[in-house]
Amino acid sequence: MWPSMLLAALLLGSAPLPLAADQIRVAVASNFRQAMAAAAERFEHSSGHEVVLIPGSTGKHYAQIRNGAPYDAFFAADVDKPLRLEEERRIVPGSRFTYAIGQLVLWSADPDLVDPAGEVLKSDRFRHLAIANPDLAPYGAAARSVLQALGLWDALAPKLVRGENIEQTFQFIISGNAELGFAARSQLAVPGRDFAGSSWQPSNALYPPIEQQAVLLQDSPAGRALLAFMQGEEARAIIRAYGYDSP
């Protein structure tokens, strides 16, 4: 019996053990926070790993990463910052990819304020217009492009209320601190929530595409698994449900 017992012990000792669950710290653009939370919940359930989300403006996240912030992955609201990190050799090679394409919308909680053509921007029917900081937030840069294309940037400058990121900007509009403002379409497309009000979606020709990219900053099996999941159909279906276009 001894040889059989020894063989069994050896076989048990050589059997593969389940992968240990790891924590993944993800810097995520404010506009993508809710969609990422929904996707992360599915990923956690299927993988056993824990995802910790740190939402904020893409510009601030980029600066923090360059200063050594301990993030494992970065889901930005643009292409520029992930590309810069790649050029600076701060990412896992080959990890940069587009995960969503955002859409800009002019929105007001007042159902009678914003017309289908956006002509309200040329009127005196509002005192404050909210936009995200164009120097920090890609959706703010897109809003600036729209106003410049319409020839309204200088005229509306005194009325602008600038949020640090698109999430804060949306709160300005909801709270009434600004009668209207430029938000992400995804903020109005949260499953289970019905935002009334009025809106106008500018033509894509008025602003550069809001292509959103992600990168892996620290190489690990858990991090690679998360990025692979986010490129799969299950995650893409969630992303579309939250008002984004798929790449």
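Below are the figures for this structure:
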{"read-out": "Residue in the stretch 163-180 that is among the small types (Gly, Ala, Ser), touching a Ser or Thr at 6+ places or on another chain (Cβ under 6 Å) and on the phi < 0 side of the Ramachandran plot present", "value": "yes"}
{"read-out": "Any hit, the stretch 167-178, residues being touching a Gly at 6+ places or on another chain (Cβ under 7 Å), closer than 24 Å to ILE238 by Cβ and not hydroxyl-bearing (Ser, Thr, Tyr)", "value": "no"}
{"read-out": "Selection status of PHE74, out of contact with any Pro (no Cβ under 7 Å at 6 or more places or on another chain) and of a type in the set (Phe, Trp, Tyr)", "value": "no"}
{"read-out": "Residue count, the stretch 182-196 (criterion: in contact with a Phe, Trp or Tyr (Cβ under 6 Å, 6 or more places away or on another chain), within 21 Å of ASP115 (Cβ to Cβ) and not aliphatic (A, V, I, L, M))", "value": "1"}
{"read-out": "Single residue of the stretch 197-213 satisfying the filter (touching a strand residue (DSSP E or B) at 6+ places or on another chain (Cβ under 7 Å) and under 20 Å from LEU152 (Cα atoms)) that is surrounded by the fewest Cβ atoms within 10 Å (Cβ to Cβ)", "value": "GLN201"}
{"read-out": "Enumeration of residues in the stretch 76-85 that are out of contact with any strand residue (DSSP E or B) (no Cβ under 7 Å at 6 or more places or on another chain) and crowded, with 17+ Cβ neighbours inside 10 Å", "value": "LYS81"}
{"read-out": "Candidates PRO247, PRO202, filtered to the one that is of a type outside the set (A, V, I, L, M, F, W, C), assigned to a loop (DSSP other than H, G, I, E, B) and at pLDDT 95 or above", "value": "PRO202"}
{"read-out": "Of the criteria (1) of a type outside the set (A, V, I, L, M, F, W, C); (2) under 25 Å from GLU44 (Cβ atoms); (3) at pLDDT below 95, which one ARG185 fails", "value": "(2)"}
{"read-out": "Residue list for the stretch 1-60, filter: at pLDDT 95 or above and of a type in the set (Ser, Thr, Tyr)", "value": "SER46, SER47"}
{"read-out": "Whichever residue in the stretch 210-226 is part of a strand (DSSP E or B) and of a type in the set (A, V, I, L, M, F, W, C) and, among such residues, is farthest from ASP245 (Cα to Cα)", "value": "LEU216"}
{"read-out": "Any pair with Cβ under 6 angstrom, 6 or more apart, that starts in the stretch 222-247 at a residue that is touching a residue at least 24 places away in the same chain (Cβ under 8 Å) and under 16 Å from GLU44 (Cα atoms) and ends at one that is among the hydroxyl-bearing types (Ser, Thr, Tyr) and in a helix (DSSP H, G or I)", "value": "ALA225/SER47"}
{"read-out": "Residue that is nearest to GLU234 (Cα to Cα) [pool: residues in the stretch 41-69 that are over 16 Å from the mean Cα position of the chain (by Cα) and buried (at least 17 other Cβ atoms within 10 Å of the Cβ)]", "value": "PHE43"}
{"read-out": "Index of the failed condition, ARG236 passing every other in (1) part of a helix (DSSP H, G or I); (2) within 30 Å of GLN23 (Cα to Cα); (3) more than 19 Å from the chain's Cα centre (by Cα); (4) of a type outside the set (Phe, Trp, Tyr)", "value": "(3)"}
{"read-out": "Any hit, the stretch 94-112, residues being in contact with a Gly (Cβ under 7 Å, 6 or more places away or on another chain), closer than 20 Å to GLY243 by Cα and of a type in the set (Ser, Thr, Tyr)", "value": "yes"}
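The values are calculated or read from the model by the stated rules, or taken from the named source; none is laboratory data. Small disclaimer: the values here were computed from a predicted structure and weren't measured. Every residue, glycine among them, receives a Cβ derived from its backbone with ideal geometry; neighbour counts consider all protein chains shown.
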